[in-house]
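To start, the structure itself, in structure tokens.
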Amino acid sequence: MTSDDLESISVLGDPVRRALYRFVAEQGRDVGRNEAAEATGVQRTLAAHHLDKLVEAGLLEAGFRRLSGRTGPGGGRPAKVYRRVREERTVSLPPRDYQTLALVLAETVDLLGGEEKAEEAARRAGERLAASDAGSADLLEVLRARGYEPYEEDGRVRLRNCPFHALAGSHPLLVCSMNLALCEGLLAGLGENGVTAALDPRPEECCVSFGPSKNNVD
């Protein structure tokens with residue numbers, strides 16, 4: 001953890017900023033000031049102030065575009081828009097370096113050719129995680145609790161965030177296959193027999209999505 005990380009996270013101590021950040025992050029697209037203000041129930045000027053503070057803290061990034069969707073004369077002036085940054089922020093006191101250990105373990109799996117065993121371990125881990133969330137049998141709630149940021153689109157559940165993004169950058173095949181196995185374990189542990197997980201990568205999203213199993217498709 002750096003001092004910048006701590007300062008960035010501390011900005012979210014304000015409830016209005018926290019609500020604005022959560023709303024922008026959940027959209028997965030550019031969000032204008034008016035939309036953010038209406039969604040969080042605050043005035044536009046107050047929303048603008050807090051959104052810019054989140055940009056200063058490195059939690060959001062800002063740009064300008066025409067929200068009308070039109071170009072050329074009559075398209076209106078570009079509006080300031082916001083979206084979540086992809087850079088991760090972590091806080092632990094004192095600092096912990098779990099990422100380095102994770103990279104070492106991933107490299108060890110590669111060197112030993114242990115991909116199948118790693119997937120088996122990930123699947124069992126998913127089942128254990130589902131058991132620990134036994135009080136909530138809803139797949140979306142379990143995925144939210146694990147940081148996946150699920151949303152529904154065209155009959156599938158997609159995931160805006162990959163909790164293993166930092167490690168996936170250096171070991172994509174291993175991490176994505178383990179992530180899929182972990183999600184399959186979650187489904188098994190929750191008893192979601194009518195749902196299946198599949199590799200379905202999209203830019204800036206998790207590589208896994210969920211849909212009805214073949215037995216549930218007409």
**Q.** Yes/no for Glu26 being modelled with pLDDT under 90 and within 24 Å of Leu159 (Cβ to Cβ)
**A.** yes
Q) Taking the stated definitions as given, is Gly185 farther than 20 Å from Glu26 by Cα and small (Gly, Ala, Ser)? A) yes
Q | Matching residues, the stretch 103-118, being surrounded by 12 or more Cβ atoms within 10 Å (Cβ to Cβ) and assigned to a helix (DSSP H, G or I) | A | Leu103, Leu105, Ala106, Glu107, Val109, Asp110, Glu115, Ala118
Q | Candidate set from the stretch 11-21 (those that are at pLDDT below 90 and surrounded by 15 or more Cβ atoms within 10 Å (Cβ to Cβ)); member that is farthest from the chain's Cα centre (by Cα) | A | Val11
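The values are calculated or read from the model by the stated rules, or taken from the named source; none is laboratory data. Everything quoted here is computed from the prediction, not taken from an experiment. Glycine also receives a Cβ, built like all others from the backbone with ideal geometry; neighbour counts cover every protein chain displayed.
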